[in-house]
1. Under the condition of being more than 23 Å from His201 (Cα to Cα) and in a helix (DSSP H, G or I), which residue from region 269-287 is least open to solvent (accessible area, probe 1.4 Å)?
2. Would you point out which residue out of Arg49, Arg91 is of a type outside the set (S, T, N, Q), at pLDDT below 95, part of a helix (DSSP H, G or I) and over 15 Å from Met1 (Cβ atoms)?
3. Test of understanding: among Arg290, Arg282, which residue is of a type in the set (D, E, K, R) and under 30 Å from Asn44 (Cα atoms)?
4. Name the pairs: first residue in region 249-277 and touching a residue at least 40 places away in the same chain (Cβ under 8 Å), second residue among the charged types (D, E, K, R) and surrounded by 15 or more Cβ atoms within 10 Å (Cβ to Cβ), Cβ to Cβ under 6 Å, at least 6 apart or on different chains?
5. Does region 24-33 contain any residue that is basic (Lys, Arg) and more than 19 Å from Glu344 (Cβ to Cβ)?
6. Take the conditions open to solvent by 30 Å² or more (accessible area, probe 1.4 Å) and at pLDDT 95 or above and apply them to Pro160. Does it pass?
7. Working carefully through the options Glu273, Glu252, Glu256, Glu260, find the one that is charged (D, E, K, R) and touching a Lys or Arg at 6+ places or on another chain (Cβ under 9 Å).
Amino acid sequence: MIVDGRSLDLVNAIEAMLEPAPVGEIKPELMESVLEISTDPCANVPEAREQLRALRRQVCATAVSKGMAIGSAGTHPFAMWEDQRIVARPRYRDLISALRFVARQELIFGMHVHVGVDNPDKAIHVANGMRVHLPVLLGLSANSPFWRAAATGLASTRTPIFRQFPRVGIPPTYADWDDYARQIEFMIRAGVIQDYTYLWHDVRPHPKFGTVEIRVMDSQTHIEHALGLTALVQAMVKELAEHFDAGTPLSEYPWEMLDENKWLAARHGLEGEIVDLPSSDRIATRALARRILDRMREHCQDLGSEAELDALEDLLTRGNGAARQVVVYEANHDLHEVVAEIVEATKA
């Protein structure tokens, strides 16, 4: 979020923020008040940590030099989408032309993690398997309890806002790479999408990059939480890749139940319950997240990212970003105070 240094309102100032970065990229997104940073491909999470810290430091310093500031969360608590300008880029102008109001009101901020996968069929297997993990990742990352100057009662308001887009949410399963390619080609031939990047599902293969991309998470205010979630995602992908290499089939669950779990995570974050799919019993979301985290710890040890899991322990103990925003708000019922807290905690 690009905000005014005094009022903390969003400002349409992306063009003033674009500059070369020693590592990674600083890029525009749909609206002029939104800034995207992305690392270069990294060998491991510690390398990503150094790049992400450098990027945050750079954009925060640039913003301050221009009387602005940077904040990271799933939504801006009191901004109005009607006040935001669309960036002067053909892709985004075409998106507004195609989706109209649905795209214009998409004033949300997400975190995407790409993990390289060395085989196309394995990438499909991983993407299929990641579907069951998406609700837990959302529960841990939920960081958008306010929207248009109101408390929504949701931990991730970003989730239902983005749900208005077509081709979003829990994706379908694909039998293999050829099945995926056929279905995408059918949509391109029909003229409804230009390429596969117009499928905005919560997890998707990204052929251009050779990755599986996980897109379900809200932007994180604390950089440590972003890195902890990255480590967890990479461990999940590693486990599923090993399943594929071993010839282990994935369990099958109803799409409706996966989608319901995602809704429960968006509504309650870590404070509610979701369905433990193997047993169909309801379980505390925090307890399921703890069980998964403990299972992934050995994978993180192998990947050299166990230290990053301390941030997830912090989320489980002290609450996710949404819970922390609510605590700040309840002190004085002042959303400006909430944004000020976000801006301060966003600094690398």
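The values are calculated or read from the model by the stated rules, or taken from the named source; none is laboratory data. Everything quoted here is computed from the prediction, not taken from an experiment. Neighbour counts run over all protein chains shown; Cβ positions are idealised from the backbone, glycine included. For the accessible areas, the whole protein counts, side chains as well, though only heavy atoms, and no ligand, DNA or RNA atoms are used. Shrake-Rupley method; radii C 1.70, N 1.55, O 1.52, S 1.80 Å.
1. Residue satisfying both the conditions and the ranking: Ala287.
2. Among Arg49, Arg91, only Arg91 is of a type outside the set (S, T, N, Q), at pLDDT below 95, part of a helix (DSSP H, G or I) and over 15 Å from Met1 (Cβ atoms).
3. Result: Arg290 is the single residue among Arg290, Arg282 that is of a type in the set (D, E, K, R) and under 30 Å from Asn44 (Cα atoms).
4. Pairs found: Leu258/Arg131; Leu270/Arg286.
5. Yes, because at least one residue in region 24-33 is basic (Lys, Arg) and more than 19 Å from Glu344 (Cβ to Cβ).
6. Details: open to solvent by 30 Å² or more (accessible area, probe 1.4 Å): yes; at pLDDT 95 or above: yes.
Yes.
7. Being charged (D, E, K, R) and touching a Lys or Arg at 6+ places or on another chain (Cβ under 9 Å) holds for just one of Glu273, Glu252, Glu256, Glu260, which is Glu273.
Residue-wise test of (1) free of Cβ contacts under 8 Å to residues at least 24 places away in the same chain; (2) farther than 19 Å from Arg148 by Cβ; (3) open to solvent by less than 60 Å² (accessible area, probe 1.4 Å); (4) not hydrophobic (A, V, I, L, M, F, W, C).
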site	(1), (2), (3), (4)
Thr39	yes, yes, yes, yes
Ala43	yes, yes, no, no
Ala48	no, yes, yes, no
Gln51	no, yes, yes, yes
Ala54	no, yes, yes, no
Met68	no, yes, yes, no
Glu82	yes, no, no, yes
